[in-house]
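Take a look at the structure set out below.
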Amino acid sequence: MTDIIIIGAGPAGLTAGIYARRAEKSVLILEKGAFGGQMTYSPQIDNYPGIPSVSGAEIADRMVGQALDLGVEIEVEEVTRVTDGEAPEYYKRVECESGAVYEARAVIIASGAEHRHLGVPGEDAHIGAGISFCAVCDGAFYRGRDVAVVGGGNSALQEALMLSNVCAHVTILQNLPTLTGEQALRDAIASRDNVDVICSVTVAEVKPAADGAFGGLVIEHADTGARESIDCDGAFVAIGLAPKNEPFESVTSLDDGGYILSDESCFCETPGVFVAGDCRTKSVRQIATAVADGAAAALAACRYLG
Ligand SMILES: Cc1cc2nc3c(=O)[nH]c(=O)nc-3n(C[C@H](O)[C@H](O)[C@H](O)COP(=O)(O)OP(=O)(O)OC[C@H]3O[C@@H](n4cnc5c(N)ncnc54)[C@H](O)[C@@H]3O)c2cc1C
């Protein structure tokens with residue numbers, strides 16, 4: 001019987017594993033994709049304290065290595081359902097897509113959140129190299145260059161404002177007839193000389209340049225169906241984040257956005273189930289906050305196990 005199963009090997013899950021192993025609990029991490037989570041998408045991380053400039057892949061490797069060295073086990077599995085056990089043990093049952101079923105005395109959900117993608121041709125090939133989902137993270141790479149921001153809500157407008165401070169020009173592409181972000185943000189956008197807004201358009205395609213690198217966007221006007229090229233050096237997609245927390249609905253409560261309801265304590269409503277990182281309700285989703293949650297959730301789980 002494993003003491004703690006952790007779902008997700010992003011920074012939250014890996015940190016939870018490191019803390020739990022140091023408390024001498026047995027730990028199994030189940031990860032459906034890349035070890036390192038969203039970090040593996042980032043070509044460079046400049047805001048993680050103590051490691052001033054590091055690629056996402058490198059910091060992911062270091063975290064995974066540290067966890068494995070401490071005795072954390074990691075299996076490639078997609079978790080499809082978590083259920084609570086019965087008295088007196090209350091073992092948690094973790095079911096996977098492969099048909100495998102694991103049991104543990106406690107579970108930490110660290111399943112992250114995925115930025116909604118455009119879902120258009122050419123996008124996947126340029127994620128991290130022309131297509132970004134995070135101006136805070138990647139905006140500096142486009143200093144003095146032209147970029148597009150896709151989206152018109154609060155996040156998109158905040159990203160556009162941030163980018164307009166460092167980029168030569170920002171074009172906001174909004175699918176609705178008007179921007180939907182709050183008035184103060186719309187006013188701030190209107191006051192920027194280097195920001196243009198194009199409404200009622202959708203992105204139809206990410207264009208490859210002759211050498212295969214990012215070559216701009218093709219947009220489609222909703223009223224006429226006409227297509228137009230947008231020349232830019234990069235595009236920031238800010239059309240929302242999407243958690244994938246359906247497998248955990250029987251042991252947690254989700255908010256309207258699908259995030260697991262919890263606070264800094266990382267407790268869930270089911271005793272023995274904890275949550276860490278981007279998958280929970282919170283205002284800042286970054287590596288530093290995911291790592292903080294991982295530590296808090298692991299220590300809470302260790303206290304629960306006694
Ligand atoms: C392109 C990009 C650049 C970024 N740059 C920075 C930056 O410079 N600085 C910074 O601080 N933050 C950055 N971020 C944000 C940061 O990466 C995230 O906030 C952080 O990774 C969240 O960590 P997490 O462990 O909560 O979730 P994630 O990193 O999302 O990890 C969750 C893991 O859980 C797995 N998982 C999900 N569901 C299941 C399931 N059912 N079964 C098994 N496994 C599952 C996923 O595959 C994933 O590996 C960036 C994000 C992106 C996308």
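Placing unit charges on each Cβ (+1 for Lys and Arg, -1 for Asp and Glu) gives the chain a dipole about its Cα centre, and among Ile108, Asn194, Pro177 the Cα reaching farthest toward its positive end belongs to Ile108. Counting only Cα atoms, the chain measures 64, 36, 36 Å along its principal axes, largest extent leading. Taking all protein chains together and rolling a 1.4 Å probe, Arg116 ends up with roughly 110 Å² accessible. Remark: segment 2-15, residue by residue, has Karplus-estimated 3J(HN,Hα) of 6, 5, 10, 9, 10, 9, x, 10, x, x, 5, x, 5, 5 Hz, where x stands for each Gly or Pro and the curve is 6.51 cos²θ - 1.76 cosθ + 1.60 at θ = phi - 60°. The Cβ shell under 10 Å around Glu31 holds other residues with a net charge of -2, Lys and Arg each +1, Asp and Glu each -1. In segment 26-79, taking the dipole from charged Cβ atoms about the Cα centre, the farthest positive-side position among Gly37, Gly71, Pro49 is held by Pro49. On full extension, the segment bounded by Ser253 and Tyr304 gains 16.4 nm, given 0.36 nm per residue less the C-alpha separation. Once the Cβ-Cβ distance of Leu70 and Arg145 is raised to the sixth power relative to R0 = 41 Å, the FRET efficiency obtained is 0.45. The residues of segment 117-237 expose, per residue, 46 Å² of accessible area to a 1.4 Å probe. Label separation (Asp46 vs Lys32): 3.4 nm, computed from points 7 Å beyond Cα along the C-beta direction.
Between segment 92-116 and segment 243-303, the C-alpha centres lie 13 angstrom from each other. In order along segment 205-222, the Karplus-derived 3J(HN,Hα) couplings, from 6.51 cos²θ - 1.76 cosθ + 1.60 at θ = phi - 60°, round to 6, 9, 7, x, 6, 4, 8, x, 6, 4, x, x, 10, 10, 10, 10, 7, 5 Hz, and Gly and Pro are given as x. Other residues with beta-carbon under 12 Å from the beta-carbon of Thr281 carry, at +1 per Lys or Arg and -1 per Asp or Glu, a net charge of -3. Any chance you could give the angle, 0 to 90 degrees and rounded to 10, that helix 154-166 forms with the longest Cα principal axis of the chain? Approximately 60 degrees, to the nearest 10.
Think of it as helices only: each DSSP H run of n ≥ 4 in the chain is worth -39500 (n - 2.57), and spread over all residues that comes to -7000 deg cm²/dmol at 222 nm.
Expressed as a whole percent, the accessible surface of the chain that belongs to carbon and sulfur atoms is 49, based on a 1.4 Å probe. For the chain, the list of Cys residues with no other Cys C-beta under 4.7 Å reads Cys96, Cys167, Cys199, Cys232, Cys266, Cys268, Cys279, Cys302.
Amide H to amide H, with H built 1.01 Å from N, Ser55 comes under 5 Å of Ile45, counting only residues 5 or more places away or on other chains.
The Rg/Rh ratio for segment 117-237 is 0.94, where Rg is the radius of gyration of the alpha carbons and Rh is the Kirkwood radius. Per-residue accessible area (protein heavy atoms, 1.4 Å probe) orders Leu70, Leu179 as Leu70, Leu179, starting from the largest.
Between Gly65, Gly225, Gly151, the GNM of the chain built on Cα springs shorter than 10 angstrom shows Gly225 fluctuating the most. Counting only aspartates and glutamates at least 8 places from Lys282 when in the same chain, those with an alpha carbon closer than 16 Å to its own are Glu114, Asp255, Asp256, Asp263, Glu264, Asp293.
Of all DSSP bridge pairs formed entirely within the chain, close to 40 percent run antiparallel. In this structure Phe141 has an accessible area near 80 Å², from a 1.4 Å probe over the protein heavy atoms.
The values are calculated or read from the model by the stated rules, or taken from the named source; none is laboratory data. Source: prediction; values computed, not measured. Cβ atoms come from the backbone with ideal geometry, glycine included; neighbour counts cover every protein chain shown. Side chains included, ligands, DNA and RNA excluded: accessible areas come from the protein's heavy atoms. Shrake-Rupley method; radii C 1.70, N 1.55, O 1.52, S 1.80 Å.
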